[in-house]
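Quick note: the coordinates plus some simple rules give every number you see, no bench work behind them. Just so it is clear, the structure is predicted and the values come from calculations on it, not from any experiment. Note: ideal-geometry Cβ built from the backbone for every residue, glycine included; neighbour counts use all protein chains shown.
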Amino acid sequence: MAPDQAKLSEFVGKMLNDMGAVATGAMVVIGDKLGLYKALAAGGPITSAELAARTGTAERYIREWLAGQAAAGYIQYQPATGTYAMSAEQAMVLADEASPAFMAGGFDVFASMFKDEPKISDAFRSGRGVGWHEHSPCLFRGTERFFRTGYSAHLVQEWLPSLAGVKEKLERGAKVADVGCGHGASSILMAQAFPNSSFTGFDYHGPSVERARAGAREAGVEQRCRFEVADSKSYPGSDYDLVAFFDCLHDMGDPVGAAKHVRQSLGADGTWLIVEPYACDAIEGNLNPVGRIYYAASTMICVPASLSQEGAMALGAQAGEARLRHVVLAGGFTRFRRATETPFNLVLEARP
């Protein structure tokens, strides 16, 4: 059949927009890495020469970068003065790491996808997995910075209070395990908010644990927030009041085995907090901008990670609540509910 020319033009336009977004991603990594966004936010309107001087970079590169960022709509150009600036909203997303809308750090995750593409392409052919530890280090850094934004905005303020009686336990003094903690952002945030409680973060990736320990020292909570190398089916300890899995259950080869270990490690009145990427149970419910990002990350990171492990269940980042419920109940839990949600997260509570 001959193509519909109008539909063809529309699709070509979509592809051009997407190609521009991909190309601009590398520019975001540069702007974030070199502090260009922060300098713009602190002192605009500014010329390319002024920005180069302020950041110790070469003006000719800065001139091209600025024009590209203005073309992308990430910054603003003022033709009358030949200067560039950022709006308050643009600065919140690209320059302010304390902002609840900060997103620049996530582009390190996308950079890792391109760097690790040869490994994933080989895995497509062989069916083998690619472990978390086998990825580019920018994945570990980008994951921590991207997810920390959501944790900072929601974890203490909304997610923990949505769990039955957990906030009160933490205020009195509770014993908490944070499994799959990565660089430790979630553990450190909880330790800062609840000084009467103790927190132990576990991750099988040694370099991430070292970074988490450094983060705890920098935050001044190392006495109550420690980190150990251990996986989800063998982390030590018992009688935990709270065990938390942030954005990691779907990455595990044997999530049912992990659920069983959580059940054994909890106290009689303990709670398992499971935070997962937001997803509907049916594929058609996830065919949207958020699902687009999560399916890409799942293809490049989450499914390969699971397939590299014992069990290889490969839930994927868009597992959905029904499949997660099955995993939790198969692990020996009797109560399971969606405690709350955001456009990006499902926040689930499991009880013995």
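How charged is the neighbourhood of Val229? Take every other residue with its Cβ under 11 Å from the Cβ of Val229, and add Lys/Arg as +1 and Asp/Glu as -1.
The answer is -3.
Past the 14 angstrom mark, what percentage of all C-alpha to C-alpha distances in the stretch 153-199 do you count? Cα-Cα pairs in the stretch 153-199 separated by more than 14 Å: 48 percent.
Computed from the C-beta positions of Ser87 and Lys115 and an R0 of 45 Å, the FRET efficiency is 0.90 to the nearest 0.05. Here, the stretch 189-230 yields an orientationally averaged convex hull projection of 2.5 nm² when only Cα atoms define the hull.
With N set to the number of residues, divide the alpha-carbon radius of gyration of the stretch 98-165 by 2.2 N^0.38 Å and report two decimals.
It is 1.46.
For the stretch 1-160, the pair-distance distribution built from all alpha carbon pairs, in bins 5 Å wide starting at 0, is 2, 8, 14, 15, 15, 14, 12, 10, 6, 3, 1, 0 percent. Loop-located trypsin sites (Lys or Arg not before Pro) across the stretch 95-172 with a Cβ neighbour count of 15 or fewer within 10 Å are Arg128, with loop assigned by DSSP. Report the calculated FRET efficiency for Leu329 and Ala101 (r = Cβ-Cβ distance, R0 = 35 Å), to the nearest 0.05. Approximately 0.45, to the nearest 0.05. When the alpha carbon gyration tensor of the stretch 65-140 is reduced to an equivalent ellipsoid, the three semi-axes, largest first, read 36, 15, 8 Å. As a length-normalised measure over Cα pairs under 8 Å and 6 or more apart, the relative contact order of the chain settles at 12 percent. Taking only the alpha-carbon positions of the stretch 152-274 and ignoring solvent, what does the Debye formula give for the base-10 log of I(q)/I(0) at q = 0.22 Å⁻¹? Log-scaled intensity ratios, in q order: -1.36. The alpha-carbon atoms of the chain, seen along their principal axes, cover 68, 60, 32 angstrom, with the largest extent given first. The calculated P(r) of the stretch 275-352, using every Cα pair and 10 Å bins from 0, goes 18, 48, 31, 3 in percent.
Less than 5 angstrom separates the built amide H of Tyr278 from those of Asn345, Leu346, all sequence-distant by 5 or more or on a different chain. Cross-link partners for Lys260 among the lysines, with Cα-Cα distance under 26 Å and sequence neighbours closer than 8 places in the same chain left out: Lys167, Lys169, Lys175, Lys233. In terms of the mean number of neighbouring beta-carbon atoms within 10 Å, the peptides 180-189, 83-92 order highest first as 180-189, 83-92. Quick one: among Phe336, Phe114, Phe245, which has the greatest mean-square fluctuation in a GNM of the chain with alpha-carbon springs under 10 angstrom? Between Phe336, Phe114, Phe245, it is Phe114 that shows the largest mean-square fluctuation.
Computed from the Kirkwood radius of its Cα pairs, the Stokes-Einstein diffusion coefficient for the stretch 65-108 at 4 °C and 1.567 mPa s stands at 117 µm²/s. Counting Lys and Arg as +1 and Asp and Glu as -1 over every other residue whose Cβ lies under 12 Å from the Cβ of Asp247, the net charge comes to -3. Taking every DSSP bridge with both residues inside the chain, close to 45 percent are antiparallel. Remark on the stretch 307-348: ratio of C-alpha radius of gyration to 2.2 N^0.38 Å is 1.29. A convex hull fitted to the Cα coordinates of the stretch 216-352 yields 128 cubic angstrom per residue.
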